[in-house]
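Q: Okay, here's the structure, questions in a sec.
The values are calculated or read from the model by the stated rules, or taken from the named source; none is laboratory data. Remember, predicted model here, so these are calculated numbers, not experimental data. For neighbour counting, all protein chains shown are included, and Cβ atoms are generated from backbone atoms with ideal geometry for every residue, glycine included.
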Amino acid sequence: MSEINFQTLKTYGPSVTPYLFNRAIDTLQAISLEKGLGYQLRRTPGGTSLKINAGTLSFNPPPAFTVSTQAISGDASNISVNITPGTVNQHVPDNMFDSLTCATSGTFYAKIGVTTDGQNVTSCSLSCDDSTPVAQNATASALPSNLDILLAIVKDKKVYQTQAGSISLVGNQEFITDKPEPANPGELTYIPYYTWAMATV
């Protein structure tokens, strides 16, 4: 590194005074890189090299809506059910950060209950209980107003993940049927039936 003196720094303007220059030099000389986690430090007469250990600085959070369980202190009959944050069509569940629990024995279903207006998702909420998810049925001329999305089955404290990741719901026409009466001008000549098609994002 070439030597820098005060006369050189004067070209940057009158704001660099000898006092500020000396303080900057003192600060730079005080900087010292020490050994630490995640890298290897090597000092030689030619300089200092830093090698980053592979994988040590990466952080891979679990996918959205990943389900896990945890013991509850002082309660041997129940466990805490934890679900990582996620969205359904950009909607965060109303109770995303509420505490969910289930019994330590038995079969329980961690799921998202989704509410729609027949065209768009309007809200969703999380639950974990022993009721099986409601199957989605095709509805005529509009998308289903409610559906359950199963995230995981919790059986005797063990989690069986079935779905992970934020969710995108898109309307899908399943089939059509004939109209019982002739269509009026401008109307469809058939009745379409729709369901929500799901993908993770």
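Q: From the residues in the stretch 33-65 that are part of a loop (DSSP other than H, G, I, E, B) and in contact with a strand residue (DSSP E or B) (Cβ under 7 Å, 6 or more places away or on another chain), which one is modelled with the highest pLDDT?
A: Ranking the candidates gives 65 first.
Q: Also: Looking at 115, 177, 104, 189, which is the one that is within 30 Å of residue 80 (Cα to Cα), hydroxyl-bearing (Ser, Thr, Tyr) and without any contact (Cβ under 8 Å) to a residue 40 or more places away in the chain? Working first, answer last.
A: Details: 177 fails: within 30 Å of residue 80 (Cα to Cα); 104 fails: without any contact (Cβ under 8 Å) to a residue 40 or more places away in the chain; 189 fails: within 30 Å of residue 80 (Cα to Cα).
Among 115, 177, 104, 189, only 115 is within 30 Å of residue 80 (Cα to Cα), hydroxyl-bearing (Ser, Thr, Tyr) and without any contact (Cβ under 8 Å) to a residue 40 or more places away in the chain.
Q: Quick check on the stretch 87-94. Is at least one of its residues among the hydrophobic types (A, V, I, L, M, F, W, C), closer than 30 Å to residue 171 by Cα and at pLDDT 95 or above? Reasoning before the result, please.
A: Keep residues of the stretch 87-94 that are among the hydrophobic types (A, V, I, L, M, F, W, C), which gives 88, 92.
Then drop every residue that is not closer than 30 Å to residue 171 by Cα, which leaves 88, 92.
Then drop every residue that is not at pLDDT 95 or above, which leaves 88, 92.
Yes, there is a match, as at least one residue in the stretch 87-94 is among the hydrophobic types (A, V, I, L, M, F, W, C), closer than 30 Å to residue 171 by Cα and at pLDDT 95 or above.
Q: Turning to a different aspect of this structure: Could you check the stretch 122-140 and list, in sequence order, the residues that are exposed (fewer than 12 other Cβ atoms within 10 Å of the Cβ), at pLDDT 95 or above and under 18 Å from residue 192 (Cα atoms)?
A: Within the stretch 122-140, just 140 meets the criteria.
Q: Can I ask one more? Does residue 167 satisfy the condition of being surrounded by 14 or more Cβ atoms within 10 Å (Cβ to Cβ), closer than 23 Å to residue 200 by Cα and of a type in the set (A, V, I, L, M, F, W, C)? Don't jump to the end; show me each part of the working.
A: Values: surrounded by 14 or more Cβ atoms within 10 Å (Cβ to Cβ): yes; closer than 23 Å to residue 200 by Cα: yes; of a type in the set (A, V, I, L, M, F, W, C): yes.
Criteria met by residue 167.
Q: Take the stretch 159-195 and flag every residue that is over 30 Å from residue 104 (Cα atoms) and in a loop (DSSP other than H, G, I, E, B). Break it down stepwise before answering.
A: From the stretch 159-195, those over 30 Å from residue 104 (Cα atoms) are 168-195; that's our starting set.
Those that are over 30 Å from residue 104 (Cα atoms) and in a loop (DSSP other than H, G, I, E, B): 179, 180, 181, 182, 183, 184, 185, 186, 187, 188, 189.
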